[in-house]
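The values are calculated or read from the model by the stated rules, or taken from the named source; none is laboratory data. Note that the structure is predicted; figures quoted are calculated from it, not measured. FYI the Cβ positions are ideal-geometry reconstructions off the backbone, even for glycines, and counts take in every protein chain you see. For accessibility, only protein heavy atoms count, side chains too; no ligands or nucleic acids. Shrake-Rupley method; radii C 1.70, N 1.55, O 1.52, S 1.80 Å.
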Amino acid sequence: ELGSKPMSNEDGSVWITYNGEVYNYIELRQELAAKGHSFRTKSDTEVIVHCYEEYGDGCVEHFNGMFAFAIWDKPRRRLFLARDRVGIKPLYYVEHNGLFIFASEIKALLEARLLSPRVNEPAVAEYMVRSYVTGEDTFLRGVKKLLPGHVLAVEDGRVHRSQYWDLKFNGG
């Protein structure tokens, strides 16, 4: 019950909805407690909230796991989305006429009725050739996926995406 979502910090200024698991949350919890953060639960969800309070957008660099989450930073009127490094957990979004919606499943976005479902022919063609779709596109026009190892922030009506992680190969 104490780990249910959405969850907030102590004063309700930061809220999270989350899908996944942060494997190193116990170590992070200890680090954050040493920095003065107090916890009501033993959940990894609350650790993410306090990590965001402590490190801001850089919180994602501290997580080992599979996750997709959204944080509403009420004082800043800012939405922050993040996806795990290799994209195990999905996160989709739509920007339409000044509105921004997100979900872990495309069908939830369609329920909002902001856009008419139309096939994204280039994405389907790419899938037929490669067996996957590169980039942010999906099979539906207007529906994007947040790429693995990326974060997205919505603030002052603007959307900013950035990459926080990439697989590096040491050549030989």
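A few notes on this one:
- Pairwise FRET efficiency - R113 versus S8, Cβ, R0 = 35 Å, nearest 0.05: 0.75
- Relative packing of peptides 151-161, 111-121 - highest average C-beta neighbours within 10 Å first: 151-161, 111-121
- Overall, region 7-47 carries a charge dipole of about 80 debye about its Cα centre when +1 sits on the Cβ of Lys and Arg and -1 on the Cβ of Asp and Glu, all other atoms neutral.
- Net charge of neighbours whose Cβ lies under 15 Å from the Cβ of E155, counting Lys and Arg as +1 and Asp and Glu as -1: +2
- In the chain, helices alone account for a calculated mean residue ellipticity at 222 nm of -6500 deg cm²/dmol, with every DSSP H run of four or more residues adding -39,500 (n - 2.57).
- Each label was represented as a point 7 Å from its Cα along the Cα-to-Cβ direction; for R158 and Y23 these points are 3.7 nm apart.
- For the pair E105 and V86, the difference between a 0.36 nm per residue extended length and the Cα-Cα distance amounts to 5.1 nm.
- Y92 contributes about 50 Å² of solvent-accessible surface, heavy atoms of the protein only, 1.4 Å probe.
- When each of K5/K168; K5/K107; K107/K144; K42/K89 is checked by Cα-Cα distance, pairs over 24 Å: K5/K168
- Only one of (i) 111; (ii) 144; (iii) 84 was calculated from the structure for volume of the Cα convex hull per residue in Å³, and its label is (ii).
- The portion of the accessible surface of the chain made up by carbon and sulfur, rounded to a whole percent, is 51 (1.4 Å probe; DNA, RNA and ligands excluded).
- Remark: the chain carries 58 Å² of accessible area per residue (probe radius 1.4 Å; ligands, DNA and RNA excluded).
- Applied to region 76-83, the Karplus parametrisation 6.51 cos²θ - 1.76 cosθ + 1.60 on θ = phi - 60° returns per-residue 3J(HN,Hα) values of 8, 6, 9, 9, 10, 10, 9, 10 Hz, with x for Gly and Pro.
- For trypsin sites (Lys or Arg not before Pro), the sites in region 66-99 that DSSP calls loop and that have at most 12 other Cβ atoms within 10 Å are R77.
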